[in-house]
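Down below is the structure, laid out as structure tokens.
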Amino acid sequence: MAGGAALLLREPLLPAGDPPRIGGGPDNPVYVLVALSVAALVVAFSPMPAMTSDEVAAGPPYQGTTGLAVPPGWRQTELRPLDWPAHYFHTESTFVRQTLRTREPHPAWDALGRNRTAQIDLLTVRYGAALDVTPSLLTYDLRYARVSNPPRSVDLGRGLTGTMYSIVDERIHLTWNYLTFTWRRDSAHIQRVIVLTVDNHEPDAYFLPPAPSVAGTASAMVALLARGVSAVTDSDPEFKDADLLETLGRQLVEVQPW
């Protein structure tokens, strides 16, 4: 239940043309109050995550908020810090979006010979419990998306296992592939790594913005109860960028200064 509820959260991906919401949606205070009440019940009766922060695999030593070391064949085009984790998790939490682009086209990754872009989202927290109770999918607005179920497991080397999802938003005809893993950088820094690609290969392609929302989360849980799991999950997903994500994920793990 908790995993499914994580799929629908936050505000709409696009500001215009959104479908109407019963009761006025999350901007309506009454709706939010009811949604939060239902959300509390859902969380109360949902099982806790099987993995705790003590079981997170060891990663390379923490290097600060400068992003990850960039693998060969890729170049960094942007590094953008966001300040919402300090309010959402803890004052010492940080979030960085790191944009990478291939230096040369890869024929297996784009039939038209275009370079590919990957967004790397790095959430670093001091207390692993914050990640234990916050699924990685809650980082994004997925209220109108369908997420692959079950996800794929990916061996990334050095004792790390990643989880891969496919996310489809049929309103805007985009599919994102998504790889995530968590490692302990030192005793005070646990880091969640998310690597995103999109099936629009143009340089200005739209990527899911990291934008968690308590009201949206509650709204998602209500929608899940009303519409059912099948409305928010994809049982026949397309992992169009599985090879890209697996390759980049293993490169990112190995290229860090261990």
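The values are calculated or read from the model by the stated rules, or taken from the named source; none is laboratory data. These numbers come from a predicted model, not from an experiment. Glycine also receives a Cβ, built like all others from the backbone with ideal geometry; neighbour counts cover every protein chain displayed. We work out accessible area using only protein heavy atoms, side chains counted, and drop any ligands, DNA or RNA first. Shrake-Rupley method; radii C 1.70, N 1.55, O 1.52, S 1.80 Å.
Summary of computed values
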read-out: Residue that is buried (at least 16 other Cβ atoms within 10 Å of the Cβ) and closer than 26 Å to residue 247 by Cα, where the choices are 112, 122; value: 122
read-out: Candidates 158, 184 - the one that is open to solvent by 40 Å² or more (accessible area, probe 1.4 Å), farther than 24 Å from residue 77 by Cα and in contact with a helix residue (DSSP H, G or I) (Cβ under 7 Å, 6 or more places away or on another chain); value: 158
read-out: Meets criteria (out of contact with any Gly (no Cβ under 7 Å at 6 or more places or on another chain), charged (D, E, K, R) and at negative phi) for residue 103; value: no
read-out: Criterion: at pLDDT below 95, closer than 21 Å to residue 134 by Cα and out of contact with any helix residue (DSSP H, G or I) (no Cβ under 7 Å at 6 or more places or on another chain) - qualifying residue of 223, 231; value: 223
read-out: Conditions (1) closer than 23 Å to residue 246 by Cβ; (2) more than 19 Å from the chain's Cα centre (by Cα): number failed by residue 56; value: (2)
read-out: Total residues in region 92-109, condition in contact with a helix residue (DSSP H, G or I) (Cβ under 7 Å, 6 or more places away or on another chain), touching a residue at least 40 places away in the same chain (Cβ under 8 Å) and open to solvent by less than 70 Å² (accessible area, probe 1.4 Å); value: 2
read-out: Residue check for residue 175: under 15 Å from residue 248 (Cα atoms), among the β-branched types (Val, Ile, Thr) and crowded, with 19+ Cβ neighbours inside 10 Å; value: no
read-out: Residue list for region 121-142, filter: in contact with a Lys or Arg (Cβ under 9 Å, 6 or more places away or on another chain), touching a residue at least 60 places away in the same chain (Cβ under 8 Å) and not in a strand (DSSP E or B); value: 128, 131, 138, 139, 141, 142
